[in-house]
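K.L.:
One structure coming up, written as structure tokens, with questions to follow.
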Amino acid sequence: MAHISELEASLRPPAMEMPPYPPKVITLASGEKMVVRQVERDEIPTLLEAIYPLLWVERDFYDIVAARLFGELLAYKRYRVKDEYVLAGLIDGVLAGMVNGRLVDAKTGMSYHTLTIRRGLRVGSHLFAAKMEYHVEHCGQEEILIVAESPIGFRRWMIEYPLEKRFEVQHELGGVPSWVLPKETYYKAKPRLVAGTRPVPEELLASAETIVLPEEELVVRQVAGEKEGET
Amino acid sequence: MKPVYIAGAGMTKFGRAEWSLIRLASEASRSALHHAALGEIPVDGVIVANMGAARVNKQTALGSALVDQLALYPAMAEAVENGPASGASAFKVGCQAIASGMADVVLVTGVERMRVVNGLEGTDFVASLSHPEVEYIYGVTLPSLAGMFARLVMDRFGVERKHLAMVAIKNHLNATRNPYAHIQQAVTMEGILTAPEAIVNNPPIAEPLHMFDCCPVSDGAAAVVLVSEEIISKLAGPPVRVAGIGQATDTHAVHEREDPTDLKAVRLASEKAFSMAGLTPADVDVAELHDAFTILEIAESEAAGFFGHGEGHLALERGETALDGRLPINPSGGLKAKGHPVGATGVAQLVELTWQLRGEAEGRQVKDAEIAYACNFGGFGNNVVATVLRREAR
């Protein structure tokens, strides 16, 4: 780490040792291969660029997710959040979606956001599962605190896993009563919800080395939905 | 009976709509009227097909509402509800009005806006077409009926999950060429069946049917303009004649059928339609079948007479139903990928076939299509409307 001033050091939260997320590859319904890998701090500006146009997309609560995620990623880049990590899904290097979260302590994780850019292929579902996999299998945590900010998220997390209520805990995302994924439930759900193989073939991994932003037209089509009523 | 022609066809993009139900219907209608280019010729009647507006949109009397929205007064107006066969039923009523001489120009519009409710409520709403005392109260849904039907067909005729996946792959590919389709995403055998990830990508819905075996829940509208022979002679564009219509019913409860794998209503409705048209299934160049579930495309292709009983999946394997095959089925993407706004579906099938016969289907055009067939499958096969269209020389 570069030298930082005493004042700057005091502004940063103390950090825990976090294991790296080993990349994996997932075959999507389209047959395309999506590499899921950890995103480093210096790559965050690229993700922010991808998120920016979504700040004003009301459909499916993309605006609130994008706005909060923008802040969370910025905080990660600028060392203003404790023990955060970011994963991205890349198809031929093109950003398909991203997820983030943080470790509350050694036993408890907190899921922040899942943002899908390439819709209709369960990319968000795969990335959320990768996030749970990171907490349980790689960080060795016992449980993950989760909330949903859209009905789609509620169906994907609360119903599909299914999650348990932990309403006495206020989640960091707006103080909403939290739900929880215990380790045991994760392992029960794993065969039907957690996919991917390791190691990622070298060529595929190389294709995911640099994050390429999708064309804005594709983002609009996939995220905001095409303008209806075309006749 | 007087001859009936389709003078114009139009639709909205299927998917999730923000527009109101009547706005959807009016946009599709305007498109069809524009396509027909009627000029000063008045519309005598408006018929709206819809299944669930009273329940999910809290709106009734859709015929009157659409006339008002389009300022087509004093046209006759009514709505037709016949489950998922509402569209073709409304089309049939429109044809009857022209054929009887009661009208010269009838607008038939199908519309549904069902994504205003959540998936569970939407599934329950569609399940309300099942038998109330021996099916619905036991939790029967359309996917569960289709799952049981698929199991029977698979056991008896050697249909495998790969055949179901082949239907999905074909129709998703066709939908990528249809700008009106709800899901314009190609899928592969690896991604939905053979890869280890396929169980996550394509989870079970009602075994043996998985997610990609089921149509999406869609909003949308479609419309056609029916006219008499006198009117069509005044209009430009290739005349598409309604050559034959057949309708047949079967028992409400599926288990009461002697052979549940025999889609008797499809068979009888098709026979009537072909008889009326003076044609046979072998004459058909392009077909739109009601593939709410992939297994239905295979079963209907047999019951309509295109292939022998239990041989539909073999024709599929040989590529005969692909866009470049001997008999392209569901060039639009079908319900599977184009989408299934239930009340609009039967009309949308006829919109696609009209475009095909007029040579206006662009990237998915079936070459030299002259004869077309549609099957609109109501209930779980207890009320079916089959239609045969024919392009005539000017």
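K.L.:
Scan segment A:101-128 and report the pairs whose first residue is more than 14 Å from every other protein chain (Cβ to nearest Cβ) and crowded, with 23+ Cβ neighbours inside 10 Å and whose second residue is in a strand (DSSP E or B) and among the β-branched types (Val, Ile, Thr), with Cβ atoms within less than 6 Å and a gap of 6+ or a chain change.
P.N.:
Filtered contacts from segment A:101-128: A:Gly109/A:Ile144; A:Ser111/A:Ile144; A:Ser111/A:Ile146; A:Thr114/A:Val99.
K.L.:
Right, B:Ala165: within 14 Å of chain A (Cβ to nearest Cβ), out of contact with any strand residue (DSSP E or B) (no Cβ under 8 Å at 6 or more places or on another chain) and in a helix (DSSP H, G or I) or not?
P.N.:
It is true that B:Ala165 is within 14 Å of chain A (Cβ to nearest Cβ), out of contact with any strand residue (DSSP E or B) (no Cβ under 8 Å at 6 or more places or on another chain) and in a helix (DSSP H, G or I).
K.L.:
How many residues, within segment A:140-196, are of a type in the set (S, T, N, Q) and within 24 Å of A:Ile26 (Cα to Cα)?
P.N.:
Of the residues in segment A:140-196, 2 are of a type in the set (S, T, N, Q) and within 24 Å of A:Ile26 (Cα to Cα).
K.L.:
What is the residue count in segment B:206-215 for residues that are touching a strand residue (DSSP E or B) at 6+ places or on another chain (Cβ under 7 Å) and of a type outside the set (A, V, I, L, M, F, W, C)?
P.N.:
2
K.L.:
Please work out if B:Leu33 is within 12 Å of chain A (Cβ to nearest Cβ), among the aliphatic types (A, V, I, L, M) and in contact (Cβ under 8 Å) with a residue 40 or more places away in the chain.
P.N.:
Yes, satisfied.
K.L.:
Determine the pairs where a residue that is facing chain B (nearest Cβ under 10 Å) and touching a residue at least 40 places away in the same chain (Cβ under 8 Å), located within segment A:174-203, has a partner that is surrounded by 15 or more Cβ atoms within 10 Å (Cβ to Cβ) and part of a strand (DSSP E or B) with Cβ atoms under 7 Å apart, the partner being 6 or more residues away or on another chain.
P.N.:
Close Cβ pairs satisfying both conditions: A:Ala195/A:Ile26; A:Gly196/A:Lys24; A:Gly196/A:Val25; A:Gly196/A:Ile26; A:Gly196/A:Val36; A:Thr197/A:Lys24; A:Thr197/A:Val25.
K.L.:
What number of residues in segment A:36-62 are in contact (Cβ under 8 Å) with a residue 60 or more places away in the chain and either away from every other protein chain (no Cβ under 13 Å) or closer than 30 Å to B:Val116 by Cα (or both)?
P.N.:
So the count comes out to 15.
Table: residues versus (1) part of a loop (DSSP other than H, G, I, E, B); (2) modelled with pLDDT of 95 or more.
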position: B:Lys2; (1), (2): yes, yes
position: B:Ala9; (1), (2): no, yes
position: B:Lys13; (1), (2): yes, yes
position: B:Glu18; (1), (2): yes, no
position: B:Ser29; (1), (2): no, yes
position: B:His35; (1), (2): no, yes
position: B:Glu40; (1), (2): yes, yes
position: B:Val43; (1), (2): yes, yes
position: B:Val48; (1), (2): no, yes
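K.L.:
Quick one: in segment A:71-128, which of the residues that are closer than 20 Å to A:Thr210 by Cα and among the basic types (Lys, Arg) is nearest to the chain's Cα centre (by Cα)?
P.N.:
The selected residue is A:Arg118.
K.L.:
Considering B:Thr194, B:Thr188, which residue is without any contact (Cβ under 8 Å) to a residue 60 or more places away in the chain, surrounded by 17 or more Cβ atoms within 10 Å (Cβ to Cβ) and hydroxyl-bearing (Ser, Thr, Tyr)?
P.N.:
The conditions single out B:Thr188.
K.L.:
Only one residue in B:Ala223, B:Ala269, B:Ala248 is modelled with pLDDT of 95 or more, small (Gly, Ala, Ser), in a strand (DSSP E or B) and within 26 Å of B:Met11 (Cβ to Cβ). Which one?
P.N.:
Checking each option against the conditions leaves just B:Ala223.
The values are calculated or read from the model by the stated rules, or taken from the named source; none is laboratory data. Quick caveat, the model's predicted, so the values are computed rather than measured. Note that we place each Cβ from the backbone using ideal geometry, even for glycine, and neighbour counts take in every protein chain shown.
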